[in-house]
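See structure below.
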Amino acid sequence: MSRPNGHIDDARLEVSSPQVIHETIDGEVIIINLATGTYYSLKGSGADIWELVQQPAGSGESEIIDALDARYSAPRIRLEATVRSFLFELVQEGLVSPAPEGSDAGLAEFLEPNRGDDAQQAFEPPMLEKFTDMQDLVLLDPVHEVAEMGWPQRRDESTSPAS
Amino acid sequence: MMNHEVVVSGEPFAAGDDAWLDVVSASFTAALGTSPSMPQQEYLVAGRRVQLRAAHPELMRRLSRSFTHLETTVSADPELVIYLWDSAICDAPWPPTPNVGDEQAPGAFFYYRRGDVQAGFQLGGGAEVRAGGLRAPTPALSVVDTRRNTAWYWAADARRIPYWDEAAPFRFVLDWWLRARGIHRLHAGAVGTPEGGVLLTGKSGSGKSTSTLACLESPLQYAGDDYVAVAVEPQPWVYSLYSSGKLAPNHVERLPFLQAALANGDDGGEEKTVVYVHEHWPDNIVSDFPLRAILTSKIVPGLVDARISEISPLAGLAALAPSTVLQIHTRGQSPLAGMRQLVQRLPTFSLELGSNIRSIPEAIADLLTRLNTRPS
């Protein structure tokens, strides 16, 4: 996994399901982290990166940079630094995590490679907009998913609940 | 030290074994005991016949009040039956409950799913007295078998069912059962006319409830304040779930006509006050209407008259989805996908609220006049 100023590696990253859910509308993304109660929005190049990460096999840094390099007119070195930093932020927020070993290493590509015309677009750095106003819903009411063996449990008839 | 009432011992049921549902059902049967009758009431919830069967009249009294506006005759073939009982009043054994480990938060929720069966256990608290002289909420269990269309709601002590559960009962049961039928329970209010209405969304403190309840003194009809059920197909449609509305005590000042209708005004120390709309405005509450738009409310300091402006679908989804999804207490993409479909089908607007409360229903009615005359 890359660090903000470290060497790029190609560890594939994927969305941290099932605790992270997301939807995309008109190129804008909303992401909800069910574990923390935090939600986020993404657009522009941030939405592009998310589109690549959410693909079934996830995506690696270099793949993402290659895809953005084809879409945006920006020096590659700027793309590399920006993507590296942004992916680090997504990892820190718990939104993406390393994909399992052996995931299909297909090339990451946009589902819609062209937006209107073939000209490259001006690059705006990705920005993860974060909202924490709902965190209390999770902090006060933590949710535990119970594995089958954790529940249900028979009650021991010799032990009565205190009232 | 919290006096936990959850005592779990013994061996777990075998994984995948549905025999535990028989034990849940047996707990209800024990609660019914030798009672000469089993109170039954039936309601049309999102157009479906939902029948409540209680082991004791007290359970029915506490848990049916918010459905009164949807009441219908008891039938022989309801689409869903919900059994209600408790252990304290009914003197019945506890049903099976999960291993809660070290969790102590009263609001903690333990969720289980296997196939058609979904269950949730709310930890609640021991019988200690909280600040304000109120006792901790009761532990409670909700179970639904969507294949057999049977559900169970149990409380350790019905007398400690909190006001928010009495105002909006069986939220998990209805959420799981309706969702299996393509209907979503949303954290939203709804007001409108038979020709069409709006969904009102917004986080706590945004003025959602103020906006919804302000419409009670207008020609607009009320379908809900905190939770409603919505179908996206074949066309967006909202269904009333509960007659109740909740408002922070300091917001009641803005709606003085509510003062005489407060259901828990004497309970001092509660976070929200509750009104049961059907009890005071029986002609204003309706069961359903088509949806024309989504409004997200926002209080704007210094503003006088309410104003409405169109916003992006993503902004509408961001206002609607987080509070809905984070209260459902289950994992999964499907609730979010349903809401995304909804904001793609309906225009989304920002409802900016000012000091003139009467302007709120006027602004909504004006918007609906424009939308209801548009070809759909």
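If neighbour count is taken as other Cβ atoms inside 10 Å, put B:Ser64, B:Ser297 in order from fewest to most.
Listed from fewest to most nearby Cβ atoms, that is B:Ser64, B:Ser297.
How long is the gain from B:Glu233 to B:Arg148 if the chain were fully straight, where each residue apart is worth 0.36 nm and the alpha carbon distance is subtracted?
28.2 nm
What's the long-distance tail for chain B, i.e. % of Cα pairs beyond 33 Å?
It works out to 30 percent of all Cα pairs.
A:Ala122 to B:Asn356: FRET efficiency via 1/(1 + (r/R0)^6), r the Cβ-Cβ distance, R0 41 Å, to the nearest 0.05?
The computed FRET efficiency comes out at 0.40.
For the residue pair B:Asn264 and B:Thr73, what label-to-label distance in nm results when each label sits 7 Å from Cα along the Cα-to-beta-carbon direction?
Taking the simple label geometry, B:Asn264 and B:Thr73 are separated by 3.6 nm.
With 10 angstrom as the radius, rank B:Ser240, B:Ser25, A:Ser45, B:Ser359 by how many other C-beta atoms surround their C-beta, starting from the fewest.
Sorted ascending by nearby Cβ count, the order is B:Ser25, B:Ser359, A:Ser45, B:Ser240.
Calculate how steeply helix B:19-32 sits against the longest principal axis of the alpha-carbon atoms of chain B, using the helix alpha-carbon long axis, and give the answer as 0 to 90 degrees to the nearest 10.
Compared with the principal axis, the helix lies near 90 degrees.
Out of the GluC sites (Glu not before Pro) in the stretch B:73-175, which ones are loop residues according to DSSP with at most 10 other C-beta atoms within 10 Å?
B:Glu128
How far, in degrees from 0 to 90, does helix B:313-328 lean away from the longest principal axis of the Cα atoms of chain B, to the nearest 10?
20
I need B:Ser323, A:Ser16, B:Ser75 ordered by Cβ neighbour count within 10 Å, fewest first.
B:Ser75, A:Ser16, B:Ser323
Which entries of B:Lys203/B:Lys246; B:Lys208/B:Lys246; A:Lys43/B:Lys208; B:Lys203/B:Lys298; A:Lys130/B:Lys208 show an alpha-carbon separation above 19 angstrom in the structure shown?
A:Lys43/B:Lys208; A:Lys130/B:Lys208
Which percentage, to the nearest 5, of the DSSP beta bridges contained in the stretch B:245-353 is antiparallel?
For the stretch B:245-353, the DSSP antiparallel bridge percentage is about 60.
Among B:Asp18, B:Asp86, B:Asp116, which one shows the highest mean-square fluctuation when chain B is modelled as a Gaussian network with alpha-carbon springs under 10 Å?
Judging by the Gaussian network model, the answer is B:Asp18.
Among residues other than B:Arg148 whose Cβ falls under 13 Å from its Cβ, what is the net charge (Lys/Arg +1, Asp/Glu -1)?
-4
Place a label point 7 angstrom from the Cα of B:Arg345 along the Cα-to-Cβ direction, then list the residues of the stretch B:44-82 whose backbone nitrogen is under 17 Å away.
Counting backbone N atoms under 17 Å from the label point, the list is B:46-48.
222 nm [θ] for chain B, helices only, -39500 (n - 2.57) per DSSP H run of 4+, per residue, to 500?
-7000 deg cm²/dmol
Report the calculated FRET efficiency for B:Ser35 and B:Arg181 (r = Cβ-Cβ distance, R0 = 30 Å), to the nearest 0.05.
Efficiency computed from Cβ-Cβ geometry: 0.40.
Take B:Glu195 and A:Ser17, extend 7 Å from each Cα along the Cα→Cβ direction, and tell me the distance between the two endpoints in nm.
4.4
What FRET efficiency would be calculated for the residue pair A:Glu145, B:Ala26, taking the C-beta separation as r and a Förster radius of 25 Å, to the nearest 0.05?
The formula returns an efficiency of 0.45 here.
Across the residues of A:128-140, average count of Cβ atoms on other protein chains within 10 Å?
3
May I ask which residue of B:Leu295, B:Phe170, B:Leu346 lies farthest towards the positive end of the charge dipole of chain B, with charges of +1 (Lys, Arg) and -1 (Asp, Glu) on Cβ and the Cα centre as origin?
The one lying farthest along the dipole's positive direction is B:Leu346.
Any read-out appearing in this document is the output of simple, stated calculations on the displayed coordinates, not a laboratory observation. All values derive from a computational prediction rather than experimental measurement. As a convention, Cβ positions derive from the backbone with ideal geometry for all residues, glycine included, and neighbour counts pool all protein chains shown.
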